[in-house]
1. Under 27 Å from the Cα of LYS248, which lysines turn up, not counting those fewer than eight places away in the same chain?
2. Throw me the Rg/Rh for segment 269-401, computed over C-alpha atoms with Kirkwood Rh, two decimals.
3. Once R0 is set to 35 Å, what does the formula 1/(1 + (r/R0)^6) return for the Cβ-Cβ distance between ASP240 and ASN295, expressed as a FRET efficiency to the nearest 0.05?
4. Simple spin-label model, 7 Å along Cα-to-Cβ: ASP224 to THR212 in nm?
5. Rank-order 285-294, 324-333 by packing density, defined as the average count of other C-beta atoms within 10 Å over each peptide's residues, highest first.
6. State the Cα centre-to-centre distance between segment 368-384 and segment 268-288 in whole Å.
7. Please name whichever of LEU208, CYS255, ALA233 sits farthest to the positive end of the charge dipole of segment 195-327, dipole taken about the Cα centre and charges placed at Cβ: Lys and Arg +1, Asp and Glu -1.
8. In Å³ and rounded to a whole number, note down the convex hull volume per residue for the Cα atoms of segment 247-342.
Amino acid sequence: MAPWRPTVPAESGSETTTRLRKVPPNTPPRPGDQPRTGETAAGRQTHPGEAPPAPRRRPRMPDLPPAPAGRPYLPGADLPQASNGRPGTAEMPPAPAERPRPANAPSVPAGPGMPDPAFSWAAPYSDAGSGRPVVSLAQPDVYGGEPWHRSFSGRAVLAAACAVLGLGLIGGALAGSWLTGDGSGDTGARTAFTTAGTLWHSIPVDQLFPPTVEGAGAGPGGADREWTRIAVAPDTGCVDAFDPLLRKALAPVGCQRLLRATYTDETQSYVTTVGLLFTKADVTAMRALRARFNNENLDRRTDLMPRPYAARNTVAADFTDAQRASWTISVLTDAPVVAYAVSGWADGRKVDTPEPAEKAMASGATTAPAQAGLGHEAKGLADRVERAFRKTATSAAEKPS
């Protein structure tokens, strides 16, 4: 039994749609309508033996632009924007008209979906109707009328070679100075050291041993002191200036000149002899001597003491070896000088056990020299004479010759 089929009305000049609206004959169908029986997709009837016309094709969609360099391509990112802000929802623009092909364009057929090689950046440029945008680039940087790469290959390489050679020469000079121990800093220090060793015959005695020395805070408990010069010894050798063992310890640096002066305090209760021994040694020898004094405590031994200068007709007339109560010795390394001071009572009393200044100045010391402040007398006066000498030596070294 055959399936039931609906009855199809015969063709006529006009017919009605499902909405009972007349459709005039030969009216092209609207987009989306299905072709009627006996009609082609073009909307006209076909006759027996007649081939149906070719179906219409939709216009080819334009190729999407290439993704910008440096970021991935996002679908719809470069499509036209609709009124709702969503990409790809607006109607696509009509396909652009075909551009005229340049006369000198290469005859390479373009593949499906590929742009015409005639309009690529590598295509030959022609002003006559090429339709391709003209892009001009800036001129390359030049130096002296030549492109930069030529300048680099010549002058830059020469400059680099000179710089390397100069650095090598400087490095060699620095290495030589380091190996020989001769540098600008060392030269300046040696000059000041040498200059200081000659001050004994060029500086007035009042500058080395001022008539009055102020000692702010130099006394016990930070009390102020003031010393007055009562005698200056003539510059002599070192034969009778030190104990035998101390003279032996100082022998490696030699004795060029010895300058001494004796001071007294405001009350004339104490007397102190301060001295500057100018040696014949260099910087190395002075450093070695100082290291030996520090390591062996030679400045604290009672059998290595400097001797006082007893001036006649002064309060220090009876200031002999037996009256020495405290002393201090300082070996300088920035000058060929040994500074020292020794103190005692002005009334000529004897001292059985002298004490070095550091020990007599210690807190809680109960010995007679400590209670009298003789350690402060020796240390305070020696420090100020030493400071004055350093200042004088520095000024003399900086003075142009």
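1. LYS280, LYS350, LYS359, LYS379
2. 1.01
3. It comes to 0.80.
4. In this crude label model, ASP224 to THR212 measures out at 1.1 nm.
5. Highest to lowest by the protection proxy: 324-333, 285-294.
6. When both Cα centres are located, 17 Å separates them.
7. CYS255
8. Hull volume over Cα atoms, normalised by residue count, gives 100 Å³.
No lab work stands behind these numbers, since they all come straight from the coordinates. No experiment lies behind these values; they were computed from the predicted model shown. Glycine also receives a Cβ, built like all others from the backbone with ideal geometry; neighbour counts cover every protein chain displayed.
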